[in-house]
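These notes concern the structure reproduced below.
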Amino acid sequence: MQRKLGFISFLVIIGTLILFVSSSLRHLLFNSNALDLALFDQWVYLISQYLPPISSFFGFHVIGDHAAFILYPISLLYKIYPSEYWLFLVQALGLAFGCLPIYLLSLQAGLSIAYSRAISLSYLLYPALFNSNFFTDFRPESIAVPALLWAIWAAIEKCTYQLFLAIGLVLICKDSLSLTVIAFGVWLLLQNRRVYGLGCILIGLFWYIFTIGYLTPLLRGGQAGGVVFYASLGSSPKEIIINIFSNPNLILGKFLSPDALFYYFLLLLPVIIGLHWKQILFIIPALPMLLLNIFSDYAAQRDLAHHYSLPIFPFIIVWLIHSIKEYQQENKRRWLKPKILIISAILSFLVLAKYDFFVTRYLSNLPNLHSLYTAVSLVQTKESVLTTAKIAPHLAKRQTIKLINQEWKLEKDNEIFKYILLDLIINKPEFNPDLIYQLRNSSSFKLVYEADDVYLFVRV
C-alpha cells in the first residue's frame, strides 16, 4: 500500500506547493481581494488574539458569515505566527489532499492503479480547483472539498465514524453546504445506505434550520448571507424556496438560459471524454449548489474562475470514476486509456485555467511594488487604518481597518483613523483624488511617505 500511495503523496505535495506559490505570488504582487483575504485574515487574527471577531469591513461577527466555524481551529496557526500565508497553505493543502480520496474511490470502484492515478491527476488539473485557489484568495469551503470526497468513500466502505466526522467538517465550513449534505443523504438512500442517508438528511436539515434560519441572521442584522444574490426570487431563504416551487416558468427560464447552458458545458468539458450517462446519479449531491449558482442573479456564480463551483466539481470527478468502470463492464471506449485521460485533463487546464492572469493582470503593480511595501512597513502599530482594496489585505491584522470610497470626505468623517494609506495606481481611483490635497493641508494628519502615487498620512 505504501508504494501505491507514494505517487499520490507526491501529487499532494506538488499540488500543495503549486497552489500555495500561486496564491502567495498573487498576494505579493498586491492583487489580493480586500473582501476575501482581508476579511478572513482579520477574523482569524481577532479570534487568535481573543478579541471579538467582528469585521470592521461589514460590522458583523465571523459566524454571521455563513457559520464558518472552521476558522476557529485555523486560528490556532495564527498563535504560532499571525500570517495570512497560513490561509493560503491550509487552502492549498485541503484542495490538493482531495486527490487521495479520489484515488481511494477509484480503487474502491475496481479501477486499476494506472486509471486511479490518472483520475487523481485529472482532479488536480480540473480548472475550477486552480482558479478558485488562485483567483479568490481564500474560502473556507475549500476545506470541504476533500471532506465531501472522504464522506463518499466512508459511506461506501461503511466506516460510520469517518463518514459523520467528514460530514461534520463539511458543515462547519459553510452553512449552505447543509443542502449538499441533505442531497448526499438522498443519494445514499438511492444506494441502499438507508441509515446513513437518513442520518445525513436529518443532520443537514438541522444545520440548515439552525444556521441559515436562525444563527447567521441573528449575527448579521436579520438576513442570511448571500440572499442579496437572489433578489429576483425573494428577500429571504423561505421566500426564495417558495418561489422556486411556485414559479416554474421563472425557474425554467433561468435553468435554460444561455449562460446557464454554457456553465454546464464548462463544468463537464474537463472530463466529458469519460462520462457515461448511466452513472449520472453520482452528481445528485452537487445539485443544490449547482441550482443555487444557476438561480443566482450574480453571473460570477456561473464560471470556473470563482469559488462557487468548489462543492460541485468533486462529484463530477466521482461520476467520471464510475463512468470509466461502466465502460469497462460494457467493453466500450477501449481507447480511453489513462494516458488519454491525462492528455484531456492537461488540454482542459491549458484552455480554462486562469494562470494567464499573472501576465494580463497581476504584473501591473511591478513599477510601484517597492513604494507599496515601503508604505505598508511604515504602518508600525495595530491602530486603525483607512486604505484601498489593493492595500487592505496586507494590513488586516487589527480591529479596525476600512476601505475608502468615493463618498468618504475628511470633514464629515466621524471615525478616528491613525493611518490613512492611499494609492492612485489604478486607472479609476477608489476615492476622490482631491482628498490627497485636503489631507496635505489638514492639521490633523501628517504626510510621512509619498512615492509613485502612494501616500501615507498619520494622525498627529
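Against the chain, whose longest principal axis is taken from its Cα atoms, helix 2-28 shows a tilt of about 30°. Phi-derived couplings, Karplus 6.51 cos²θ - 1.76 cosθ + 1.60 at θ = phi - 60°, listed residue by residue for the stretch 374-379: 5, 5, 4, 5, 7, 7 Hz, with x used for Gly and Pro.
Cβ-Cβ distance of Gln108 and Leu363, R₀ of 51 Å, FRET efficiency by 1/(1 + (r/R0)^6): the value works out to about 0.70.
I need the semi-axes of the equivalent ellipsoid of the stretch 356-440: take the C-alpha gyration tensor, multiply each eigenvalue by 5, square-root it, list largest first in whole angstrom. Let's see the in-between values first.
Details: eigenvalues 104, 54, 26 Å².
After diagonalising the Cα gyration tensor, the semi-axes are 23, 16, 11 Å.
Rounded to the nearest 0.05, the FRET efficiency derived from the C-beta distance between Ser257 and Arg459 at R0 = 51 Å is 0.50. Proximity of backbone amide H atoms, modeled 1.01 Å from N, is registered between Ile401 and Ser56, Val385 at under 5 Å, excluding neighbours fewer than 5 places apart on the same chain.
Taking 0.36 nm per residue of separation and subtracting the Cα-Cα distance, full extension of the segment from Leu281 to Glu239 would add 12.3 nm. Summing +1 for each Lys or Arg and -1 for each Asp or Glu among the other residues whose beta-carbon sits under 10 angstrom from that of Ala114 gives +3. Residues in the stretch 393-399 carry Karplus couplings, in order, of x, 9, 9, 7, 7, 6, 6 Hz; the curve used is 6.51 cos²θ - 1.76 cosθ + 1.60 with θ = phi - 60°, and Gly or Pro positions show x. Packing, taken as the mean count of other beta carbons within 10 Å per residue, orders the peptides 98-107, 341-350, 151-160 from highest to lowest as 98-107, 151-160, 341-350. Restricting attention to the stretch 367-459, close to 65% of DSSP beta bridges with both partner residues there are antiparallel. The label point for Ser232 and the one for Ile346, both projected 7 Å from the Cα toward the Cβ, are 4.1 nm apart.
Do you know the relative contact order of the stretch 2-359, to the nearest whole percent, from alpha carbon pairs under 8 angstrom that are 6+ apart? Each step should come with its number before you reach the end.
On the way: 536 pairs, mean separation 75.7, N = 358.
The value is 21 percent.
Basic side chains Lys and Arg get +1 at the Cβ, acidic Asp and Glu get -1 at the Cβ, and with that the dipole of the stretch 171-312 about its Cα centre reaches some 360 debye. Around the Cα centre of the chain, unit charges on the Cβ atoms of Lys, Arg, Asp and Glu (plus for the first two, minus for the last two) sum to a dipole of about 1400 debye. Each Cα pair under 8 Å and six or more residues apart adds its sequence gap; the mean of these over the residue count of the stretch 367-459 is a relative contact order of 29 percent. Pairs over the 27 Å Cα-Cα cut-off, from the set Lys254/Lys339; Lys332/Lys354; Lys254/Lys325; Lys278/Lys337: Lys254/Lys339; Lys332/Lys354; Lys254/Lys325. By DSSP, the beta bridges lying fully in the chain are antiparallel in about 65 percent of cases.
Under 5 Å between amide hydrogens, built in the peptide plane, is the criterion, and for Phe138 it picks out Leu37 among residues at least 5 positions away or on other chains.
Can you tell me the dipole magnitude for the stretch 367-459 around its Cα centre, using point charges on the Cβ only (Lys, Arg +1; Asp, Glu -1), in Debye to the nearest 20?
340
In the chain, a dipole from Cβ-located charges (positive for Lys and Arg, negative for Asp and Glu) runs towards its positive end, and of Tyr123, Ala92, Ile324 it is Ile324 whose Cα lies farthest in that direction.
Near Arg139: Cβ cut-off under 9 Å, other residues only, Lys/Arg at +1 and Asp/Glu at -1. The net charge is -2.
Values in this text are rule-based calculations from the coordinates and carry no lab data. Just so you know, these numbers come straight off a predicted model, no measurement behind them. Methodologically, a virtual Cβ is constructed for each residue, glycine included, from the backbone with ideal geometry; neighbour enumeration extends over all protein chains shown.
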